[in-house]
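These notes are about the structure you will find just below.
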Amino acid sequence: MPQLLRQERASIQKSRFAPSLSHARSDVLTTNRENTVTLVLGGVRSGKSRYAQELAERAKRVVFIATATAFDDEMQAKIQKHRDDRPSHWHTIEEPLEIANAIAAHDTSCDCIVVDCLTIFAATLLEHHAEDHEAIAARSAQLCDALLAARCDVVLVSNEVGSGVVPSYALGRRYRDLLGELNQRVAAVADNALYFVAGLPLVLKGRNEMAP
C-alpha cells in the first residue's frame, strides 16, 4: 500500500507540472472578513497556476506554499523551473502536509498566500492517513478554518479530476473522491471560485478579480 501511494502521488505531481460539507465552519462564514479566498480549478496545463501567480503579483508581499516534493531528477527539474518562474522576492515554503499551520504562521507577514496545489496535498493526506476518514476530514476542516481566519488574501490551486476516465484501481478511485470532496469544502468557504479551460476562466462563484 505505501508503495502504491508513493507511485500515485508521484504520478499526480508529474501530471501537475506537465466526507460532508457540513464540516465547514458556517458560523465563521457569517462574519465580516477582510481577506479574500480564491480557489482556482482546472485540468493539466489549463492556465490555473499562471492565473494564480498573476493574481498574487498584484500584492507586495507574497508567501508561496508549495506542496510538491522531488521524487526524482525529472521532478526536481520541474520544481526548479517553477521556482525560476516565480518573482524572486516571494517567500517560498515547501510544505506537503501542514498547510493550515503554514497559513496561520505567515498570514500576518504578507499580503497574499498562494497554495499550489491541493491536488498533491490530497495525495499526501491519503498517504499519511489511508482509510482514516475522520483524520482526513479533520485535516480538511482545519484547512477551511485557516482560510476563514487568515488575515491576508489566499489563492489556492487545484485540479478537477472528476470529469475524466474512472480509475481502474481502488486507490485511484479513492483519491479521485478525496480530491473532489476537498475541492467542494474549499469552494464552500471561498469568496471566488474559477474553472480554467484552455487558459480561459469560467467564474463559478464570486468574481474574476483579474477581469478588466
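The values are calculated or read from the model by the stated rules, or taken from the named source; none is laboratory data. Everything numeric in this text was worked out from a predicted model, so none of it was measured. Every residue, glycine as well, gets a Cβ built from its backbone with ideal geometry; the counts of neighbours run over all protein chains shown.
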- Query: Would you call GLU98 closer than 28 Å to GLY164 by Cβ and among the acidic types (Asp, Glu)?
  - Reply: no
- Quick one: would you say ALA141 is under 15 Å from the mean Cα position of the chain (by Cα), of a type outside the set (D, E, K, R) and closer than 26 Å to LEU55 by Cα? yes
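With ALA68, ALA105 as the choices, which residue is surrounded by 16 or more Cβ atoms within 10 Å (Cβ to Cβ) and either closer than 28 Å to VAL203 by Cα or out of contact with any Lys or Arg (no Cβ under 9 Å at 6 or more places or on another chain) (or both)? Spell out the reasoning first.
On the way: ALA105 fails: surrounded by 16 or more Cβ atoms within 10 Å (Cβ to Cβ).
One residue alone meets the criteria, ALA68.
Which ones in region 51-66 are out of contact with any Cys (no Cβ under 6 Å at 6 or more places or on another chain) and either within 22 Å of LEU125 (Cβ to Cβ) or part of a loop (DSSP other than H, G, I, E, B) (or both)? Working first, answer last.
The first filter runs over region 51-66 and keeps only residues out of contact with any Cys (no Cβ under 6 Å at 6 or more places or on another chain), leaving 51-55, 57-58, 60, 64-66.
Passing the criteria: ALA52, GLU57, ARG58, LYS60, PHE64, ILE65, ALA66.
Where residues in region 49-65 are over 23 Å from GLU160 (Cβ atoms) and buried (at least 20 other Cβ atoms within 10 Å of the Cβ), which of them is nearest to the chain's Cα centre (by Cα)? It would help to see each step written out before you state the result.
Narrowing region 49-65 to residues over 23 Å from GLU160 (Cβ atoms): 57-63.
Those left that are additionally buried (at least 20 other Cβ atoms within 10 Å of the Cβ): 62-63.
Working: VAL62: 16, VAL63: 14 Å.
Filtering region 49-65 for residues that are over 23 Å from GLU160 (Cβ atoms) and buried (at least 20 other Cβ atoms within 10 Å of the Cβ), the one nearest to the chain's Cα centre (by Cα) comes out as VAL63.
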- strands (runs of 3 or more DSSP E) within region 123-212 that include 1 or more residues modelled with pLDDT of 95 or more, aliphatic (A, V, I, L, M) and surrounded by 15 or more Cβ atoms within 10 Å (Cβ to Cβ): 153-159, 192-197
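Please work out which residue is surrounded by the fewest Cβ atoms within 10 Å (Cβ to Cβ), limiting yourself to region 71-102 and to residues that are charged (D, E, K, R) and within 25 Å of HIS129 (Cβ to Cβ). Spell out how you get there, then give the answer.
Narrowing region 71-102 to residues charged (D, E, K, R): 72-74, 78, 81, 83-86, 94-95, 98.
Add one more test, that the residue is within 25 Å of HIS129 (Cβ to Cβ), and what stays is 72, 94-95, 98.
On the way: ASP72: 10, GLU94: 14, GLU95: 19, GLU98: 16.
Taking the candidates together, the pick is ASP72.
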